[in-house]
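Undergrad: My questions all concern the structure below.
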Amino acid sequence: MRYRKVGYSTHALEAMEERRILKEWIERLLDDPAWVQQEHGYLGRFRAFGRVPEHGDRMLRVVYDEMREGICIVTVFFDRAHRNR
């Protein structure tokens, strides 16, 4: 894994459970994202995108904060706006 430590916010863990998103999908996406954008208005916050073949090849968005000791996943969801990209 590219990052030394990956943590998850309470919101991210709840979203993962509700949306049936696996940690393995998130960590795989972080290792090899299709693309990454800086989150507008948040220094050190990024959006990583990647497809999940096990879930109908849908586009997953992972929003995370970069910190000195690693990253913290803020939220995750399947992004309908980027499904055809």
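The values are calculated or read from the model by the stated rules, or taken from the named source; none is laboratory data. Worth saying up front: this structure is predicted, and the values here are computed from it rather than measured. All Cβ positions, even for glycine, are placed from backbone atoms using ideal geometry, and neighbour counts span all protein chains on display. The accessibility values were calculated without ligands, DNA or RNA, using every heavy atom of the protein model including side chains. Shrake-Rupley method; radii C 1.70, N 1.55, O 1.52, S 1.80 Å.
Undergrad: With +1 assigned to the C-beta of every Lys and Arg and -1 to the C-beta of every Asp and Glu, and no other charges, what is the dipole magnitude of the chain about the Cα centre in debye, to the nearest 20?
TA: Values: 16 positive and 14 negative charges, 45 e Å.
About 220 debye.
Undergrad: Let me ask you something else. Run the quick spin-label model on Phe78 and Thr10: label points 7 Å from Cα toward the beta carbon, then report their separation in nm to one decimal.
TA: My value for the distance between the label points is 2.8 nm.
Undergrad: Continuing with this model, one more query. Sequence-distant or interchain residues sharing an amide H contact under 5 Å with Glu39, placed H: which?
TA: Arg45, Phe46, Arg47
Undergrad: Ordered by packing density, taken as the mean number of other Cβ atoms within 10 Å over each peptide's residues, highest first, how do 69-81, 31-43, 7-19 rank?
TA: Details: 69-81: 16.2, 31-43: 11.2, 7-19: 13.9.
Ranking the peptides 69-81, 31-43, 7-19 by packing returns 69-81, 7-19, 31-43.
Undergrad: Can I ask one more? Please tell me the relative contact order of the chain in percent, rounded to the nearest whole number, where contacts are Cα pairs under 8 Å and at least six residues apart. If you can, show how the numbers build up before the last one.
TA: Values: 142 pairs, mean separation 27.1, N = 85.
Worked out over the chain, it gives 32 percent.
Undergrad: For helix 10-19, report the angle its Cα long axis makes with the longest principal axis of the Cα atoms of the chain; keep it between 0 and 90° and round to the nearest 10°.
TA: 10
Undergrad: Quick one: compute a quarter of the convex hull surface over the Cα atoms of the stretch 7-85 and quote it in nm². Provide the component values of the computation, followed by the final result.
TA: Numbers: hull surface 20.9 nm².
If you wrap the Cα atoms of the stretch 7-85 in a convex hull and average its projections, you get 5.2 nm².
Undergrad: Whole-Å semi-axes of the stretch 37-83's equivalent ellipsoid, largest first, each the root of 5 times a Cα gyration tensor eigenvalue? Numbers along the way, then the final one.
TA: Details: eigenvalues 99, 28, 9 Å².
Square roots of five times the eigenvalues give 22, 12, 7 Å.
Undergrad: For the chain, what does the accessible surface come to per residue with a 1.4 Å probe? Please give it in Å². Walk me through the numbers on the way to the answer.
TA: On the way: 5530 Å² over 85 residues.
Value returned for the chain: 65 Å² of accessible area per residue.
Undergrad: Using a 1.4 Å probe on the protein heavy atoms, what percent of the accessible area of the chain belongs to carbon and sulfur? Display every interim value, and only then the final one.
TA: On the way: 2560 of 5530 Å².
Summing carbon and sulfur atoms, their accessible area is 46 percent of the total for the chain.
Undergrad: Let me ask something additional. Which far-off residues, 5 or more places away or on another chain, put their amide H under 5 Å from the one on Ala34, with H placed in the peptide plane?
TA: Those lying under 5 Å, H to H, from Ala34 are Phe49, Gly50, Arg51.
Undergrad: Oh, and also: With N residues in the stretch 1-43, what two-decimal value do you get for its Cα radius of gyration over 2.2 N^0.38 Å? Could the numbers behind the result be given before it?
TA: Details: Rg = 11.8 Å, N = 43, 2.2 N^0.38 = 9.2 Å.
The value comes to 1.28.
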